[in-house]
Amino acid sequence: MRTNFRKSSRHSKITGDFGEALVLYWLSKHGYECARVDHTGIDIIARHPKSGELLGISVKSRSRAPGTEGTEVSVPKENFEKAKQACRAFGCVPYFAFIIDAGRTTRAYLLPLRHVLKLCPRNKRVVSWGMSERHLARYYADPEVTVIELYNARGW
């Protein structure tokens with residue numbers, strides 16, 4: 001089945017739900033006790049199976065059109081403050097997960113917020129998660145960034 005790359009009217013909502021479900025699945029598969037939460041600032045709470053660390057995870061999902069696969073993910077700075085506030089309320093360490101559907105590959109990145117702020121350029125309003133080949137190589141080499149890759153179906 002071939003598509004004309006026109007996405008459905010609900011694709012944004014579906015993309016967000018998929019990103020959260022992917023992170024939940026991966027955490028659960030690796031022994032984390034985790035749950036989706038409906039709270040301003042975080043989407044998932046998870047307990048690390050070995051350290052016991054409690055993570056408050058904000059998930060940012062994007063679906064890229066052909067030709068825009070290397071486009072950065074811009075996150076408004078207030079999202080980071082909201083995540084910190086929620087994590088203070090629940091006694092969690094703030095984490096971010098970026099899920100990007102880019103061409104035939106969907107990648108998820110999970111890392112502590114403090115590390116996001118170390119890696120990413122900032123301006124007055126947004127923090128930018130880069131998606132160029134240089135950025136991808138940097139994330140793969142970084143032990144603080146967990147990377148999950150999915151390859152999309154052929155023939156679509």
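Within region 1-74, the proportion of Cα pairs with more than 21 Å between them is 40 percent. The residues of region 79-156 present an accessible area of 54 Å² per residue when probed at 1.4 Å with all protein chains retained. Membrane-span-like helices in the chain, defined purely by DSSP H runs whose alpha carbon atoms cover 18 Å or more axially and whose average Kyte-Doolittle hydropathy reaches 1.6, do not occur. Averaging the Cα positions of each part gives two centres, and for region 29-91 and region 102-156 these lie 13 Å apart.
Using a cutoff of 8 angstrom between alpha carbon atoms and counting only pairs six or more residues apart, the relative contact order for region 36-100 works out to 42 percent.
Largest mean-square fluctuation among Cys87, Cys34, Cys120, in a Gaussian network model of the chain whose springs join Cα atoms under 10 Å apart, belongs to Cys120. Largest GNM mean-square fluctuation among Pro112, Pro76, Pro94, using the chain with Cα springs under 10 Å: Pro76.
Apply the a/c threshold of 1.5 to the C-alpha gyration tensor of the chain and tell me whether it is rounded, prolate or oblate. Judged from the Cα gyration tensor, the chain comes out prolate (a/c at least 1.5, a/b above b/c). Mean-square fluctuations from a GNM of the chain, with a 10 angstrom spring cutoff on Cα atoms, peak among Val75, Val127, Val116 at Val75.
Around the amide H of Asp43, modelled in the peptide plane, lie the amide H atoms of Ile57, Ser58, Val59, all under 5 Å away and 5 or more residues distant in sequence or on another chain.
Taking all Cα pairs closer than 8 Å and separated by 6 or more residues, the relative contact order of the chain comes to 21 percent.
The values are calculated or read from the model by the stated rules, or taken from the named source; none is laboratory data. Please read all numbers here as calculations on a predicted model, not as lab measurements. Accessible surface is based on the protein model in full, side chains and every heavy atom, while ligands, DNA and RNA are left aside. Shrake-Rupley method; radii C 1.70, N 1.55, O 1.52, S 1.80 Å.
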